[in-house]
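To keep things clear, I will list the structure first and then write my remarks on it.
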Amino acid sequence: MAGEGRRFEIGYALLPKKENSFIRESLVNQAKSRGIDLVKIDRERPLVDQGPFDCVLHKLYGEDWRSQLDDFRSKNPNAVIIDYPDAIERLHNRISMLQVVSELKIENQSETFGIPKQIVIYDQETLFDTQAWEFLKFPVIAKPLVADGSAKSHKMALVFNHDGLNKLKPPIVLQEFVNHGGVIFKVYVVGDYVKCVKRKSLPDVLEEKLKSLEGSLSFSQVSNLATHEKSDDKYYKLMHLEDTELPPQSFMTDIARGLRKAMKLNLFNFDVIRDNRFGNRYLIIDINYFPGYAKMPGYETVLSDFFCDIMNRKVGDLVVDGFSQEEKVAEIEEKPVLSCEGEARKMVTNSDGEENETSIPV
Ligand SMILES: Nc1ncnc2c1ncn2[C@@H]1O[C@H](COP(=O)(O)OP(=O)(O)OP(=O)(O)O)[C@@H](O)[C@H]1O
Ligand SMILES: O=P(O)(O)O[C@H]1[C@H](OP(=O)(O)O)[C@@H](OP(=O)(O)O)[C@@H](O)[C@@H](O)[C@@H]1OP(=O)(O)O
Ligand SMILES: [Mg+2]
Ligand SMILES: [Mg+2]
């Protein structure tokens, strides 16, 4: 318990932008009150010389950081690393990122899911060889193949016709643009916790307009706006975000759990659109490591719960450290269970079948 039992130290290594948005005083204080100290990792000094940390939380890439983590891990075998670079790496390529979705098996009678039709293009020759990708229909979205968090990796183009191909610079992924009513669902995953929110997206494109539209339209991070920024926005009002129904929570939770297990990741979000042509078909178009959690209402509690769970080694159906639950259970039973004070949350289904979150004291 806070103040009584052992305290835990979680070291974090984030880029300045992420640190500013994520490490808020409110999060630091809430974690502290529950026995967890969030400590900044000094990037000027070797990781192994710092701490000792019970857990390392990070969103940094590169060989140097990777070998620092390896060193740290071998010297601190009981520390938890959230998450492993190898697992995160998969999300840095827009093909491998979505491959995992195609491999998921989820039983559901009323909804289906998948990914849009897509092809990777490595050179100009293939780009203009429309036979190579004749299974794709215009409009298509051209996305940089690499998704490494750089501004460049977010630069996309909506391509309406052949004229629009000239501006594209391979390697890119050409993905069929699917009309979805201008609203995207972002599903945030924090360990066991799953939260789906609505954001504005690109508007639908009418087929009869395709030829008359200029070749392409460039854009970047259309859905990456905090809710308060959008409430005054004319476009936001136009899209009737409030009127759009969320996908069934249990369906999103099943997909989230499946992805978490398959990817061995604890902190990510995925973008989902509802295909206008079917109404019950959902397409996953993007998966991001360690997204903007501070945009989730009450993120401090969600993240503090997660940190407590990690430190207590009782994280849902998959455990950190790349072990499966089964492998870890024996270890958990041998460890003293330290409790974190505060609230836990659970989903409660009301008589209308709607799921709501409620807090339970622990
Ligand atoms: N296949 C598609 N069909 C329709 N709209 C799409 C499709 N792919 C992407 N979009 C739109 O383009 C936006 C950006 O695409 P995507 O999410 O792949 O890029 P990103 O830069 O990785 O985004 P993020 O900021 O979430 O990391 C989406 O939020 C959505 O509005
Ligand atoms: O802060 P970061 O640089 O990690 O930016 C991430 C951003 O979070 P932010 O809101 O904190 O900017 C995320 O937004 P939401 O999906 O949550 O809307 C999403 O755009 C990620 O793709 C970005 O990560 P990247 O792909 O660039 O690595
Ligand atoms: Mg996205
Ligand atoms: Mg992304």
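Residue-wise, which Karplus ³J(HN,Hα) couplings in Hz belong to the stretch 137-154, taking 6.51 cos²θ - 1.76 cosθ + 1.60, θ = phi - 60°, and x for glycine or proline?
With the stated coefficients, the stretch 137-154 comes to 10, 5, x, 10, 9, 9, 10, x, 4, 7, 10, 9, x, 6, 4, 4, 6, 9 Hz.
Determine, from the Cβ-Cβ distance of residue 107 and residue 204 and an R0 of 51 Å, the FRET efficiency 1/(1 + (r/R0)^6), rounded to the nearest 0.05. Mind dumping the intermediate values first?
Numbers: r = 31 Å, r/R0 = 0.60.
That gives a FRET efficiency of 0.95.
Check residue 51: other-chain or 5+ apart residues with amide H under 5 Å from its amide H, H built from backbone geometry?
Long-range HN contacts for residue 51: none found.
Using only alpha carbon pairs under 8 Å that are at least six residues apart, calculate the relative contact order of the stretch 1-94 and give it in whole percent.
Worked out over the stretch 1-94, it gives 32 percent.
Which shape class, rounded, prolate or oblate, goes with the stretch 1-90 when its Cα gyration tensor gives a ≥ b ≥ c as root eigenvalues, a/c under 1.5 marks rounded, and past that a/b bigger than b/c marks prolate?
Judged from the Cα gyration tensor, the stretch 1-90 comes out oblate (a/c at least 1.5, b/c at or above a/b).
Would you work out the relative contact order for the stretch 1-159, in percent, from Cα pairs under 8 angstrom that are 6 or more residues apart?
On the way: 158 pairs, mean separation 27.7, N = 159.
With pairs under 8 Å counted, the relative contact order is 17 percent.
Output wanted: per-residue J couplings in Hz (rounded whole) for the stretch 47-58, from phi through Karplus 6.51 cos²θ - 1.76 cosθ + 1.60, θ = phi - 60°, x for Gly and Pro.
So the Karplus estimates, Gly and Pro as x, are 4, 4, 7, 10, x, x, 8, 7, 8, 10, 10, 8 Hz.
Applying 1/(1 + (r/R0)^6) with R0 = 30 Å to the Cβ-Cβ distance of residue 153 and residue 312, what FRET efficiency is obtained, to the nearest 0.05?
Details: r = 36 Å, r/R0 = 1.20.
So the FRET efficiency works out to roughly 0.25.
Quick one: 3J(HN,Hα) in Hz for the stretch 81-93, Karplus 6.51/-1.76/1.60 with θ = phi - 60°, rounded, Gly and Pro as x.
With the stated coefficients, the stretch 81-93 comes to 10, 10, 10, 6, x, 4, 6, 5, 3, 3, 7, 8, 9 Hz.
If each residue's Cβ is checked for other Cβ atoms within 10 Å, how do 135, 219 rank with the fewest at the top?
135, 219
Classify the stretch 66-108: rounded, prolate or oblate, from the alpha-carbon gyration tensor (a ≥ b ≥ c, eigenvalue square roots; a/c under 1.5 rounded; otherwise prolate if a/b is larger than b/c)?
Taking the square roots of the gyration eigenvalues as a ≥ b ≥ c, the stretch 66-108 is oblate.
Exposure proxy check: 204, 309 ranked by fewest other beta carbons within 10 Å?
204, 309
Taking 41 Å as R0, compute the FRET efficiency from the Cβ-Cβ separation of residue 24 and residue 44 and round it to 0.05.
For residue 24 and residue 44, the calculated efficiency is 0.95.
Please list, in chain and number order, the residues 5+ apart from residue 58 or on another chain whose amide H is under 5 Å from its amide H, with Hs placed from the backbone.
Residues meeting the criterion, in which the H sits 1.01 Å from N, are 13, 82, 83.
Separation of the stretch 15-73 and the stretch 249-303 by C-alpha centroid, Å?
24 Å
Tell me, Kirkwood radius of the stretch 130-171 from alpha-carbon pair distances, in Å?
One decimal place: 11.2 Å for the Kirkwood radius.
No lab work stands behind these numbers, since they all come straight from the coordinates. The model shown is predicted, which means the values in this text are computed figures rather than measured ones. Here Cβ is always computed from backbone atoms with ideal geometry, including for glycine, and neighbour counts include all displayed protein chains.
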